[in-house]
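Colleague: First, the structure itself, so that you have it in front of you.
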Amino acid sequence: MARTSTPTGTETPALTFKPVTKSTFEDFVALFEGRGGPKHCYCLVWRERGAASKLDLAGRRTAMAERVEQGEPISILAYHDGEPVAWCSIAPRETYFPLGGEEYADGITVWSLVCFYLRSRLRGQGVGRALLDEAIRVAGKRGADVVEAYPVDPDSPSYRFGGFTSMFRAAGFEERGRAGTRRHVMRLRVSSRTLS
């Protein structure tokens, strides 16, 4: 189901959100393979070790298509005026390889938010925050108790696709440690279940 974000300021475009499914996969492909898109990784870097570098473009596309065909949640798309313009990888943590996050008690469902992509013309207009808010909503609706993210500081020379810590703090995430030297582990409770 599509969702619409109402602009919170004059510079934020109105966005409609949809999950990446079989019916929206071609929009996902158009965004990723369009000018400046992240077709070099196809969001496989955290999902299949070595796949982004070992597979050619068609192989990367097929690898993601297979996940979508099986009904695996992989991400959400943002549309502006009917065009796919941005994307956020939000999915159950177990669908990624270990990201360096926390250990939780049995029964706690964790969704991980690992990266964003926005068309360059929309950067600096609040689109990243709108995607983050929608990702939290989607994860909560799908049963997540926690959304875990791995952003970096604004001066980080790498992993910037994961977003910046300031945006996550503003959304209510708390810092829980580090994953390596650059990525912070941050989490947001989206249910009242005890995490321990």
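Quick note: the coordinates plus some simple rules give every number you see, no bench work behind them. Bear in mind the structure is a predicted one, so any value in this text is a computation, not a measurement. We place every Cβ from the backbone using ideal geometry, glycine too, and count neighbours over all the protein chains shown.
Colleague: Using only alpha carbon pairs under 8 Å that are at least six residues apart, calculate the relative contact order of the chain and give it in whole percent.
Modeller: Values: 338 pairs, mean separation 34.5, N = 196.
The normalised contact order for the chain reaches 18 percent.
Colleague: Right, here's the next one. So which aspartates and glutamates pass the test for Lys18, namely a Cα distance under 15 Å, with those fewer than 8 places away in the same chain ruled out?
Modeller: Within the straight-line limit of under 15 Å, Lys18 reaches these aspartates and glutamates: Glu26, Asp27, Glu72, Asp81, Glu83, Asp133, Glu134.
Colleague: How are the alpha carbon pair distances in segment 83-140 distributed across 10 Å bins from zero to the largest one, expressed in percent?
Modeller: Going from the shortest bin to the longest, the percentages are 21, 45, 26, 8, 0.
Colleague: Which lysines have a Cα less than 23 Å from the Cα of Lys22, not counting those fewer than 8 places away in the same chain?
Modeller: Here the lysines satisfying the reach criterion relative to Lys22 are Lys39, Lys141.
Colleague: Which of the three applies to the chain, rounded, prolate or oblate, going by the alpha-carbon gyration tensor with a ≥ b ≥ c and a/c under 1.5 meaning rounded?
Modeller: Working: a/c = 1.34, a/b = 1.14, b/c = 1.18.
It is rounded, given that a/c, with a ≥ b ≥ c, falls under 1.5.
Colleague: Dipole magnitude of the chain about its Cα centre, charges +1 at Lys/Arg Cβ and -1 at Asp/Glu Cβ only, in debye to the nearest 20?
Modeller: Details: 28 positive and 23 negative charges, 42 e Å.
Approximately 200 debye in magnitude.
Colleague: Just how far, in whole angstrom, is segment 164-183 from segment 35-71 if you go by their alpha carbon centroids?
Modeller: If you average the Cα positions of each part, the centres end up 26 Å apart.
Colleague: Looking at segment 120-196 from every direction and averaging, what is the projected area of its Cα convex hull in nm²? List each step's numbers first, then the result.
Modeller: Values: hull surface 23.1 nm².
One quarter of the hull surface, i.e. the mean projection, equals 5.8 nm².
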